[in-house]
2 protein chains.
Amino acid sequence: MTNATFYHAGCPVCVAAEQQLAQALDTSRYQLEVVHLGQEKQRISEAETAGVSSVPALVLNGQPFHINFGASIADLKS
Amino acid sequence: MTNATFYHAGCPVCVAAEQQLAQALDTSRYQLEVVHLGQEKQRISEAETAGVSSVPALVLNGQPFHINFGASIADLKS
């Protein structure tokens, strides 16, 4: 199984990306974890280390994919 | 089956998104079509109508998701 981590902040753009794109992943090959960075601020540094600069973003196999634009990571820190 | 159309232009960012993200879709639920807009310029207007403004982008069920940034649609027209 490949790890897939979907980082979001509850924004409308995030919700659409989660419902449409993250949920479209093949769950027989990918183990999906959904992380709300607004509620789990202690995981922001983990997202940044993976190269995530905005949400929503999907990290597949360690590689970050930013999906449309909801909010920047910097804005989530404030 | 839900239609999934991946628009790209052959750029490195596009190739990574296709190999990692587009290929992660559940093919039992999604029918994936890959469109190279640099080679199939006649389909640029179709992508624009779907709301695609840059590549790589994945249109799921008519909804556009821009994945990172490779090139703008405007640049592909020139």
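The values are calculated or read from the model by the stated rules, or taken from the named source; none is laboratory data. No experiment lies behind these values; they were computed from the predicted model shown. Backbone-built Cβ (ideal geometry, glycine too); neighbour counts: all protein chains shown. What goes into the accessible areas is simple: the full protein's heavy atoms, side chains included, and nothing from ligands, DNA or RNA. Shrake-Rupley method; radii C 1.70, N 1.55, O 1.52, S 1.80 Å.
Yes or no, residue by residue, for (1) open to solvent by 20 Å² or more (accessible area, probe 1.4 Å); (2) touching an Asp or Glu at 6+ places or on another chain (Cβ under 9 Å):
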site	(1), (2)
B:ALA22	no, no
B:LEU25	no, yes
B:LEU32	yes, no
B:GLN39	yes, no
B:GLY51	yes, no
B:ALA74	yes, no
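Would a scan of the stretch A:36-45 turn up a residue that is over 9 Å from the mean Cα position of the chain (by Cα) and closer than 20 Å to B:ALA16 by Cβ?
no
For B:HIS8, indicate whether it is modelled with pLDDT of 95 or more, crowded, with 18+ Cβ neighbours inside 10 Å and more than 23 Å from A:GLN19 (Cβ to Cβ). If you could, list the steps in order and put the result at the bottom.
Details: modelled with pLDDT of 95 or more: yes; crowded, with 18+ Cβ neighbours inside 10 Å: yes; more than 23 Å from A:GLN19 (Cβ to Cβ): yes.
Yes, satisfied.
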